[in-house]
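Working notes for the structure below.
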Amino acid sequence: MSRRPHLDGRFGTSRFEAFSDGVYAIAITILVLEIGVPAGSEADLLGAVIDEWHAYLAYLISFATIGASWLAHSAMTHHLEAVDSTLVRLNLLLLLVVSFIPFPTRLLAEYGGADDAGRVATTVYGLTLLLSAAMTSVLWLYARRAVLTDPSASEDELAYLTERLTPGLAGYGAFIVGGLFVPMLAVVGYLAIALFFLVPTHVFGRRRPQRG
């Protein structure tokens with residue numbers, strides 16, 4: 001198979017998608033490493049496992065959030081005809097944030113139940129999720145502005161995807177502020193946003209034509 005020439009700095013999406021999928025897969029997998037029980041819990045192992053409920057909640061939220069981000073990323077690449085060097089670099093910034101999510105997940109798991117520390121943990125966590133959502137939107141807006149989208153995609157499809165990627169930004173901002181007063185409110189809000197984006201939509205409904 002002949003290699004597709006890089007015309008005007010643009011090239012196919014295969015490696016772009018494969019690399020991104022790999023980073024998402026690693027980030028979502030290592031989340032489970034943040035779950036554990038304190039050493040010396042043999043005397044009451046069941047109680048120790050139950051006491052780690054906040055770690056399970058943090059894992060669930062982060063798993064759903066990274067999963068939703070991956071779905072959004074897949075929807076975007078589904079509608080791309082090509083990528084350019086700027087889009088690749090913006091994508092690297094998005095993946096930088098996604099791969100960072102396990103760290104604030106650990107903070108939320110360890111300190112989410114405390115008052116002052118809980119506020120710090122939920123704020124750092126929320127800012128990370130906000131940045132991830134913002135980078136996803138920037139990535140897609142740039143792709144549209146640079147006309148990298150599939151020409152066979154309808155304007156309605158592209159506009160719907162743009163609208164679908166927008167609500168999370170305002171939601172994260174609101175819950176970050178609310179978390180400064182009631183940390184658990186922010187935690188529940190982050191989960192609600194992730195579940196919202198996990199709800200099936202028709203953005204995958206169109207079959208993209210095969211490219212040579």
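The values are calculated or read from the model by the stated rules, or taken from the named source; none is laboratory data. Computed from a predicted structure; not experimentally measured. FYI the Cβ positions are ideal-geometry reconstructions off the backbone, even for glycines, and counts take in every protein chain you see.
Annotations
- Residues that are among the charged types (D, E, K, R) and touching a Leu at 6+ places or on another chain (Cβ under 9 Å) were ranked within the range 144-165; the one that is modelled with the highest pLDDT is ARG144.
- Within the range 104-134, considering residues that are of a type in the set (Val, Ile, Thr) and closer than 14 Å to HIS54 by Cβ, the one nearest to the chain's Cα centre (by Cα): THR105
- Residues (aromatic (Phe, Trp, Tyr) and either within 14 Å of the chain's Cα centre (by Cα) or closer than 14 Å to LEU90 by Cβ (or both)) located in the range 135-176: TRP140, TYR142, TYR172
- Extreme residue, nearest to the chain's Cα centre (by Cα), among residues of the range 75-93 that are more than 21 Å from LEU130 (Cβ to Cβ) and assigned to a helix (DSSP H, G or I): THR77
- The single residue among GLY168, GLY113 that is surrounded by 14 or more Cβ atoms within 10 Å (Cβ to Cβ), at pLDDT below 90 and outside any helix (DSSP H, G or I) turns out to be GLY113.
- Residue within the range 47-62 that is under 13 Å from the mean Cα position of the chain (by Cα), touching a residue at least 12 places away in the same chain (Cβ under 8 Å) and either farther than 19 Å from ALA25 by Cβ or crowded, with 21+ Cβ neighbours inside 10 Å (or both) present: yes
- Filtering LEU107, LEU131 for residues that are free of Cβ contacts under 8 Å to residues at least 60 places away in the same chain, surrounded by 20 or more Cβ atoms within 10 Å (Cβ to Cβ) and hydrophobic (A, V, I, L, M, F, W, C) leaves a single hit, LEU107.
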